[in-house]
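The values are calculated or read from the model by the stated rules, or taken from the named source; none is laboratory data. All values derive from a computational prediction rather than experimental measurement. So basically every Cβ, Gly included, is an ideal-geometry build from the backbone, and we count neighbours across all protein chains shown. Surface accessibility is based on the protein's heavy atoms, side chains included, excluding ligands, DNA and RNA. Shrake-Rupley method; radii C 1.70, N 1.55, O 1.52, S 1.80 Å.
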Amino acid sequence: MPNTKLGFCLKPLSVAMLSLGLVACSGPSSSVGSQKVEGKQNKPPTSSQSRDMSPVTDNIDRQGKPVVYQVFTRLFGNTNSNNEPWGTIEKNGVGKFSDFTPQALNAIKSLGTSHIWYTGVPHHAVINDYTKYGISNDDPDVVKGRAGSPYAVKDYYNVNPDLADNPKKRLEEFEALIKRTHAAGMKVIIDIVPNHVARDYHSLSAPEGVSDFGANDDTNVEYARDNNFYYVVGEAFQVPKAEGYQPLGGEVHPLIDGKFDEYPAKWTGNGARAAQPDINDWYETVKVNYGVKPDGTYDFPILPDEYSEKTYEEHAAFWDGKDLPDSWYKFRDIAHYWIDKGVDGFRYDMAEMVPVEFWSFLNSSIKQRAPDAFLLAEVYQPDKYRAYIQKGKMDYLYDKVGFYDTLKAIMQGKGEVSELVAVHKEISDIAPHMLHFLENHDEQRIASPDFAGSAEKGKPALAVSALISSSPTLLYFGQDVGEDGSEETGFGDPTRTSIFDYVGVPAHQRFMNGGKFDGGKSTESEKELHNFYKDVMTIAATHPAITGKYQSLHALNLDVSNSTYSEKQFAFARVKDEHGLLVISNFDENPTGLINLIVPSDLVGGRDESIEVKALLSHDAINLEKDGVNYQTTLSLDGLETKVFAF
């Protein structure tokens with residue numbers, strides 16, 4: 001069957017959405033315990049054959065940063081390798097909650113993980129037939145892919161039936177996974193998608209007294225404050241068309257007729273206001289109304305500027321007793337429902353499309369219920385960062401537009417390290433709130449030809465991304481073994497592991513080794529990469545200097561004569577009390593030659609003429625020698641090598 005190749009962005013922002021001026025952000029949560037790592041006195045083995053690939057099971061005392069491991073739950077445990085484009089669940093297989101065994105969880109934990117983000121858990125629109133469980137079939141005309149988008153949620157009070165061994169007991173199976181994750185010493189994050197829901201939202205599991213989104217809307221008007229949706233009055237919804245695109249790749253299906261019954265039409269999830277959205281719009285979803293009028297003005301109280309400095313308790317008190325739009329209460333109740341089931345936090349999809357006042361209301365209510373809740377927001381507008389951290393009471397937000405985009409260009413050989421130093425400095429006041437990542441479900445795999453073409457090029461980037469800040473680091477499953485996202489699966493193009501179809505993830509499957517999660521079928525290069533990730537992330541999660549002061553050494557070393565240090569290397573340090581880290585990474589595929597590295601004496605705090613610094617990765621220790629007001633050492637790096645020292 002033909003594979004659909006649509007040239008759209010996964011997160012297009014329509015003019016209609018922008019006209020509403022809806023924005024969002026995020027900031028830090030509570031600390032995640034403490035843990036200690038000792039510097040390695042001797043040079044450890046460099047051969048992956050001599051390294052132990054078994055998971056780390058010991059409980060460790062964290063003194064470093066939070067580490068979020070994102071799993072695409074539907075794909076993580078799937079051992080089927082057919083990967084037929086548009087393949088059914090029977091042909092291509094699907095992962096289950098039960099695949100997260102103690103062995104799997106310990107393997108995840110061995111990467112320094114403190115929180116697992118189980119992506120795609122809330123029940124979203126799917127094609128598989130679950131009518132015998134009372135679940136209505138979804139129309140492929142408004143479902144992306146065969147497995148469906150996890151961001152077209154159909155029932156917020158239950159979970160995706162694909163993920164359960166027994167769909168009738170799917171919620172109980174997820175509750176058991178929460179308990180297993182906690183028993184393994186990690187916390188649970190799931191998605192909340194506040195900006196939009198599936199076109200055919202219908203909850204089978206809502207608590208008594210909870211009505212569905214839109215159930216009480218006045219559909220005779222475009223907008224009303226307590227409507228959950230916006231309407232195209234007097235017009236019926238029309239399925240978008242695109243040349244060459246056929247739902248399910250052209251397969252015959254009883255519901256595929258180019259029609260979907262919706263009258264009047266609702267605004268589309270990304271804010272498109274036409275009765276027939278474009279194929280590049282989020283046409284499978286409808287936009288939720290938070291009391292933002294079509295002209296962009298607000299139908300709710302504005303949070304005063306001084307609340308940027310106020311506590312969660314003061315934010316909660318501000319909203320107490322106020323009459324607010326109905327959608328606010330619906331999402332508050334949803335979040336509380338999952339917190340009460342043991343979920344430890346949320347990743348908020350496209351938070352910037354929802355007004356900051358709502359986040360103040362929701363997040364302050366969550367923190368009253370669960371003070372340690374981990375609240376992470378997706379946001380792409382840097383000028384809104386501080387508002388959503390400070391007023392919106394987010395814990396963390398994506399550092400994509402600045403840090404990730406700049407680092408990606410360096411990995412591709414298109415950028416200079418000085419640019420990375422500059423963008424990191426721009427957010428220095430909120431750096432602890434800015435989550436770092438190299439991959440996630442929206443981004444291209446590092447090893448894909450359109451990104452870097454090699455997972456090895458991600459090694460210096462990982463070290464810099466994970467060690468430069470006390471903010472959390474996010475790892476995407478398969479990243480640590482060099483998954484390249486090359487499978488042609490159906491909806492959309494390769495380079496990103498599909499979030500719309502059933503698929504096996506080959507490099508990850510080799511690491512799974514039939515459920516042992518020991519890398520038994522991994523290639524030697526995959527084993528070596530995985531071990532590098534374990535080493536770096538152990539430092540990030542455990543070394544106390546990670547939460548200390550950051551200092552760039554880049555500009556200082558660019559000016560050193562008789563040194564090969566250049567815009568392709570990055571040296572920096574982190575210091576806290578008596579603990580320090582010195583990091584130097586080489587983004588060049590070629591060896592550096594001799595670098596005369598300069599380190600300010602006040603950074604290492606030593607008065608001795610010579611200071612030994614210990615090696616924390618697979619390289620030798622070095623001595624820093626006093627040279628006037630600074631210390632100096634000579635070293636070299638292999639292509640794409642990173643050296644990390646403790647002092």
TODO: Express the carbon and sulfur contribution to the solvent-accessible surface of the range 486-581 as a percent, rounded to the nearest whole number, probe 1.4 angstrom.
DONE: 48 percent
Open item on the list: Using a probe radius of 1.4 Å on heavy atoms only, what accessible surface per residue do you get for the chain? Whole Å² is fine.
Closed with: 36 Å²
Open item on the list: Just to confirm my numbers, what's the Cα centroid distance between the range 530-583 and the range 595-612 in Å?
Closed with: 14 Å
TODO: For the range 470-482, just list the computed ³J(HN,Hα) in residue order, Karplus coefficients 6.51, -1.76 and 1.60, θ = phi - 60°, integers in Hz, with x standing in for Gly and Pro.
DONE: 7, 5, x, 10, 10, 10, 9, 4, x, 4, 6, 10, x
TODO: Taking the Cα centre of the chain as origin, sum charge times position over the Cβ atoms of Lys and Arg (+1) and Asp and Glu (-1), and report the length of that vector in debye to the nearest 20.
DONE: 1120 debye
Task: Pair-distance profile P(r), taking every C-alpha pair of the chain, with 10 angstrom steps and integer % - done: 3, 16, 26, 26, 17, 8, 3, 0, 0
Open item on the list: Which one, V288, G244, A184, is farthest towards the positive end of the dipole of the chain when Lys and Arg carry +1 and Asp and Glu -1 on their Cβ?
Closed with: A184
Open item on the list: Students often check this: by mean Cβ neighbours within 10 Å, which of 240-251, 392-403, 538-549 ranks highest, and how do the rest follow?
Closed with: 392-403, 538-549, 240-251
Open item on the list: For the chain, what does the helix formula give at 222 nm: sum of -39500 (n - 2.57) over DSSP H segments with n ≥ 4, over the residue count, nearest 500 deg cm²/dmol?
Closed with: -6000 deg cm²/dmol
Task: log10 of Debye I(q)/I(0), alpha-carbon scatterers only, for the range 379-441 at 0.21 Å⁻¹ - done: -0.83
Task: For the range 442-539, size of Cβ-based charge dipole, Lys and Arg +1, Asp and Glu -1, in debye - done: 340 debye
TODO: Over the Cα atoms of the range 496-558, compute the convex hull volume and normalise it per residue, giving Å³.
DONE: 182 Å³
Open item on the list: Roughly how far apart, in whole Å, are the Cα centres of the range 212-255 and the range 473-521?
Closed with: 33 Å
- [ ] Please state the charge dipole magnitude for the range 146-244, taken about the Cα centre, from unit charges on C-beta atoms (+1 on K and R, -1 on D and E), reported in debye and rounded to the nearest 20.
- [x] 500 debye
Open item on the list: Along the charge dipole of the chain, pointing to its positive end and built from +1/-1 on Cβ of Lys, Arg, Asp and Glu, which listed residue (Y312, G342, H543) has its Cα farthest out?
Closed with: H543
TODO: Please name whichever of L303, T406, S364 sits farthest to the positive end of the charge dipole of the range 299-435, dipole taken about the Cα centre and charges placed at Cβ: Lys and Arg +1, Asp and Glu -1.
DONE: T406
